[in-house]
């Protein structure tokens, strides 16, 4: 990890994610709180979550294919700027009949994210060495960890005292800073639109998407990752809808209490992140993924049946321990088996397929949350995540090394 921290380009991307993620936690706490305060409805909450997910279902493959043509650094900068402007629209919401603005913001932010994340995931392998890739992905999880700890704590306290408007402004400022950081990053330009793509843009786009889908379906490891993600995100999708109403109805906690739960998970992730490099050298990536998902599923179910709020906080900490290793394992496998010029489109296709289960789960959780005990939804979510762990052992094949196209290899060696 010390090696990648000496890599200026990676550190700037790392800080970009830290700052933008820190602001995101203000939004992720303020938005559901606003919806519940104005409507008290889990259906409205589910609708907001579905609005966030729909662009991934519809635009993911298209955005990923375009990322494979464009300058990844400029794509990340434009996406951050777009997300920062979109979140300011939340300041207009004042009454229940304006809830639709949250849906619009969700669609806009998620649309930008469909470009940002494939671009970032494709950029990282171009700025770090192959033997440092797992450590780099682990550090990106550290970013999520500390932004979760700081963001959750700060967001809970500031919303308690200054209101949700402050949180939306903080999120926008975070994206502005992140955009400025990326201006100083150098990512090797390995993507160039072909003459055919310039002359026949729509036909070329469709052909490249088909090529990406064929590559995915022809690779057993990628098919296994998709299967694992679909099952896991079906469970996580339901939690996105019910976790705030569950905490408020069951334990009577406000913004500060919600921030404490997120913060405890973040501290757990911080502890888990320290061990990522150690674990990556001693265990197969598939093992990290499978065991991690089984552990997370058990902790989610534990939260659902926790007798007191203090036990919820303890389970949240334990849940966080496994996230860095399993996330780094999944990301590294993806980056190993997908060559650079296909990373954007395959990432977009995989995101689209994963979103199907997520959207269905959010819709069902939104409706069920009106009448079903939310503890049962937590139990079902935990079971799905644990099932994804079992699927990973069966379906994901451990890659032997990174697939690198010759042109990309040359560009990367020059940059390093």
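The values are calculated or read from the model by the stated rules, or taken from the named source; none is laboratory data. Remember, predicted model here, so these are calculated numbers, not experimental data. As a convention, Cβ positions derive from the backbone with ideal geometry for all residues, glycine included, and neighbour counts pool all protein chains shown.
Go through 241, 253, 274 for me and flag whichever is on the phi < 0 side of the Ramachandran plot, modelled with pLDDT under 85 and buried (at least 24 other Cβ atoms within 10 Å of the Cβ). Steps first, please.
On the way: 253 fails: buried (at least 24 other Cβ atoms within 10 Å of the Cβ); 274 fails: buried (at least 24 other Cβ atoms within 10 Å of the Cβ).
Step by step, each of 241, 253, 274 is checked, and only 241 is on the phi < 0 side of the Ramachandran plot, modelled with pLDDT under 85 and buried (at least 24 other Cβ atoms within 10 Å of the Cβ).
Looking only at segment 84-100, residues that are free of Cβ contacts under 8 Å to residues at least 60 places away in the same chain and farther than 16 Å from residue 41 by Cβ come to 4 in all.
Taking the criterion of being outside any helix (DSSP H, G or I), over 25 Å from residue 156 (Cβ atoms) and at pLDDT 80 or above, would at least one residue in segment 50-66 satisfy it?
From segment 50-66, those outside any helix (DSSP H, G or I) are none; that's our starting set.
No - not one qualifying residue is present in segment 50-66.
Within the set 358, 370, 335, the sole residue that is closer than 23 Å to residue 41 by Cα, crowded, with 18+ Cβ neighbours inside 10 Å, at pLDDT below 85 and touching a helix residue (DSSP H, G or I) at 6+ places or on another chain (Cβ under 7 Å) turns out to be 358. Apart from one condition, residue 388 fits all of (1) under 29 Å from residue 340 (Cα atoms); (2) at pLDDT below 80; the exception is (2).
Please determine, by comparing only the residues of segment 391-408 that are part of a helix (DSSP H, G or I) and either more than 29 Å from residue 339 (Cα to Cα) or in contact with a helix residue (DSSP H, G or I) (Cβ under 7 Å, 6 or more places away or on another chain) (or both), which one is modelled with the lowest pLDDT.
So the first thing to find is which residues in segment 391-408 are part of a helix (DSSP H, G or I), and the list is 391-395, 406-408.
Restricting the remaining residues to those that are either more than 29 Å from residue 339 (Cα to Cα) or in contact with a helix residue (DSSP H, G or I) (Cβ under 7 Å, 6 or more places away or on another chain) (or both) gives 391-393, 395, 408.
On the way: 391: 90, 392: 89, 393: 90, 395: 86, 408: 40.
Looking at residues that are part of a helix (DSSP H, G or I) and either more than 29 Å from residue 339 (Cα to Cα) or in contact with a helix residue (DSSP H, G or I) (Cβ under 7 Å, 6 or more places away or on another chain) (or both), I get 408.
If you go through segment 310-331 and keep only what is surrounded by fewer than 24 Cβ atoms within 10 Å (Cβ to Cβ) and within 17 Å of residue 124 (Cβ to Cβ), you end up with 327, 330, 331.
Residues in segment 67-98 that are touching a helix residue (DSSP H, G or I) at 6+ places or on another chain (Cβ under 6 Å) and in a loop (DSSP other than H, G, I, E, B) were compared, and the one that is modelled with the highest pLDDT is 93. Restricting segment 177-205 to residues that are modelled with pLDDT of 80 or more and part of a helix (DSSP H, G or I), the residue that is nearest to residue 125 (Cα to Cα) is 182.
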